[in-house]
1. Any chance you could run the full-extension gain for A282 through R55? It's 0.36 nm times the residue separation minus the Cα-Cα distance, nm to one decimal.
2. What net charge do the residues around P159 carry, taking every other residue with its C-beta under 9 Å from that of P159, with Lys and Arg at +1 and Asp and Glu at -1?
3. How much length is gained on full extension from V221 to Y100, taking 0.36 nm per residue of separation minus their Cα-Cα distance?
4. In the neighborhood of H178, defined by Cβ-to-Cβ distances under 13 Å, what is the net charge if each Lys or Arg adds +1 and each Asp or Glu adds -1?
5. Find how much the distance from E131 to T84 grows on full extension, using 0.36 nm per residue of separation minus their present alpha carbon separation; answer in nm with one decimal.
6. In angstroms, what radius of gyration and Dmax does segment 117-162 have, counting Cα atoms only?
7. Just in segment 37-88: which trypsin sites (Lys or Arg not before Pro) are loop by DSSP and have at most 15 other Cβ atoms within 10 Å?
8. Consider just the alpha-carbon atoms of segment 69-153 and return their Rg together with their Dmax, both in angstrom.
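Every read-out reported here was derived from the displayed coordinates using simple, explicitly stated rules and does not represent laboratory data. Note that the coordinates shown come from a computational prediction; the quantities given were computed from them, not determined experimentally. In this analysis, Cβ positions are derived from the backbone assuming ideal geometry, glycine residues included, and neighbour counts consider all displayed protein chains.
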Amino acid sequence: MDFLVLFLLYLALVLLGFVMICLASKTHYLQGLISRGAQIFSYIIPECLQRAMLRVLHYLFHTRNYTFVILHLILQGMVYTEYTWEIFGLCQQLEFSLYYLFLPYLLLIVNLVFFTLSCVTDPGTITKANELLFLQVYEFDEVMFPKNVRCPTCDLRKPARSKHCSVCNRCVHRFDHHCVWVNNCVGAWNTRYFLSYLLTLTASAATMAVVSTVFLVRLVVMSDVYLQTYVDDLGHLQVVDTVFLVQYLFLTFPRIVFLVGFVVVLSFLLGGYLCFSLYLAAINQTTNEWHKGSQAWCQRCPHTARPPAAEPQAYRNIHSHGLWSNLREIFLPATARYERKKK
């Protein structure tokens, strides 16, 4: 089978898996299919192996650890090592602009700064000392965030838009989600750093994809390969097409072509998640609120089984006050202003 067909099949499977994971978290039907699939596998896989897998999964996704932080840095290091080792030097020989070539390194430095800040910054941990302060920040909507609710684990009153993170074992103000890649919760005090980290990571992947693609295109143009012909498996003379060019480049520069494919896929995935995160920031909604709001909407669906008396109240986002006010709230958290006034 041709390399391009295999690569497209691989890309389709990766994207399909990503979409299925996203849909499974929202669709009860898919959750049921996954549950039944897990039951079938439980009869095939030995019980000792199942326990070992569960322990590994629990450690990776339900405890704070640096596994994904280290994996993130290793992958980033491998990508930039390949870029430096092959693409940077060859592009210099082809007289690419140095500003153009150094842009991925500049984005890397900025990205690592925001990555570190996302990892080490307190996301807004609620304690006895600041409990009353956080209770004054956001209004209770009495649907998703009712008044006078206490966290059963922390034994603290839960401010509006807060949530207890089972991984970090703490209540977080304006909780968005727990990110395993930064080994930290994303909350009121570090959402700005996380968005900046995500933006620069997407930009660095896209920039590297553009530089590498332009390099390969220039090589093809300079070598005049696209003007030549070849004999196919049936002995017919064929004009060089895109499939042949991709396979030719893969055989000539396998690591560079693989790098291009990786950063292109990464750019699309990160770009999609970045757009989603920016959309939530623009309407002043967290991932946790979006997820709960979607569940509430699903409960109102007539096909969903529920007790007749349990008619859910409609969720309405009461915290959105316009684009600029919403962005200012993220990049200048309200609690920081309250603390300055208190001092």
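1. Numbers: separation 227, 0.36 × 227 = 81.72 nm, distance 3.86 nm.
Going from the current span to full extension adds 77.9 nm.
2. Within the 9 Å Cβ shell, the charges total +3.
3. 41.6 nm
4. Every neighbour counted, the sum reads +2.
5. 12.0 nm
6. Looking at segment 117-162, its Cα Rg and Dmax stand at 11.5, 34 Å.
7. On the way: sites: R51, R55, R64; in loops: R64.
Sparse-neighbourhood loop trypsin sites (Lys or Arg not before Pro): R64.
8. When restricted to the Cα atoms of segment 69-153, Rg and Dmax are 23.0, 68 Å.
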